[in-house]
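Encoded as structure tokens, the structure appears first; notes follow it.
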Amino acid sequence: MAKNPAPRNNQSNHVIATQQTVTHYQGAIPHPDVLRGMDELVPGTAAKLIKLAEDESLHRRKLELMAMEANVSAQQSQLDINLRQNKAVFRSDMIGQAAGFLVCVLAIVSAVFLGLEGHEGLGGAIAIIPTAAIIKAFTMKK
């Protein structure tokens, strides 16, 4: 069997090292070094970019304010609608209660009148209407 040859001493091992640097910059305007480089290439670029960023920021804040004001206005309109609906329901309930009271009073007066005139059976039948309405009002749950 063959033996592995001995390593040669005249071969040298080379080590290659690399280094990578990554920087991340986030904002409305470029990193100051980049901005400086742009300004060296085209004078006045840095000032224009900063002005553009300021204008955009002002515009964004103006839009946010407009959206907020529109939201407040929409909420106020909804509150006004709810208030009108509540008033209409209350008014309707009051009219219904007043009409019911009037029907009950008329039925009682009619029953008493018919009873006094000698029509006790008819008066008793008419007296059942307000009695049933009052019993229903106090026993039924909403």
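Each reported figure results from applying straightforward, stated rules to the coordinates on display, with no laboratory input. No experiment lies behind these values; they were computed from the predicted model shown. Here Cβ is always computed from backbone atoms with ideal geometry, including for glycine, and neighbour counts include all displayed protein chains.
General remarks:
- Simple spin-label estimate for LEU52 and HIS24 in nanometres, 7 Å along Cα-Cβ: 2.4
- With the helix formula -39500 (n - 2.57) applied to DSSP H stretches of n ≥ 4, the chain reaches a computed 222 nm mean residue ellipticity of -26000 deg cm²/dmol.
- Among the lysines of the chain, pairs that are 8 or more positions apart or on different chains and have alpha carbons within less than 27 Å of each other number 5.
- Length gained when the stretch ILE81-GLU120 is fully extended (0.36 nm per residue, less Cα-Cα span): 8.8 nm
- Whole-Hz ³J(HN,Hα) from phi, Karplus 6.51 cos²θ - 1.76 cosθ + 1.60, for the stretch 93-110, glycine and proline x: 4, 5, 5, x, 5, 5, 5, x, 4, 4, 4, 4, 4, 4, 5, 5, 4, 5
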